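> Here it is: the structure, laid out below.
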Amino acid sequence: MTHFLTWSWILAYLPLIALQTLAMVFAAPWLSGLVGRVAGRLSGVSSFPVMGRWQDIWHQFRRPRLRSEGGH
């Protein structure tokens, strides 16, 4: 039995691979925050909120730039 992948199957899987990649990118900060929160609870110290990673990412996008738009 030979296995081969036709172009139609490859093109069908491309959107699914893109969807999985987007899901991983968006879920990674949340899962990282969840792991940090559980580790903080188990060790007895206060920890970062679960959605804190997303808050930090959003803060980095809203930060003022080092150079102005028209400056050199």
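The values are calculated or read from the model by the stated rules, or taken from the named source; none is laboratory data. Small disclaimer: the values here were computed from a predicted structure and weren't measured. Surface areas here come from the heavy atoms of the whole protein model, side chains and all, with no ligands, DNA or RNA. Shrake-Rupley method; radii C 1.70, N 1.55, O 1.52, S 1.80 Å.
> Could you state, as a whole-number percent, how many of the C-alpha pairs of the chain are farther apart than 13 Å?
It works out to 77 percent of all Cα pairs.
> Right, something else. If one takes the longest principal axis of the Cα atoms in the chain, at what angle in degrees, from 0 to 90 and to the nearest 10, does the Cα axis of helix 7-43 lie?
Compared with the principal axis, the helix lies near 30 degrees.
> Additional query: If amide H atoms are built 1.01 Å from N in the plane of the peptide, which residues on other chains or at least 5 residues away come under 5 Å of the amide H of S47?
Here nothing satisfies the definition.
> Here is a further query. What angle do you read, to the nearest 10 degrees and between 0 and 90, between the alpha-carbon axis of helix 52-62 and the longest principal axis of the chain?
90
> What is the distance in Å between the Cα centres of region 5-24 and region 28-69?
Cα centroid to Cα centroid, the span is 30 Å.
> Now a separate question. Could you tell me what percent of the accessible area of the chain is made up of carbon and sulfur, with a 1.4 Å probe and every protein chain present? Can you show the working numbers first?
On the way: 4700 of 6780 Å².
The value for the chain is 69 percent carbon and sulfur by accessible area.
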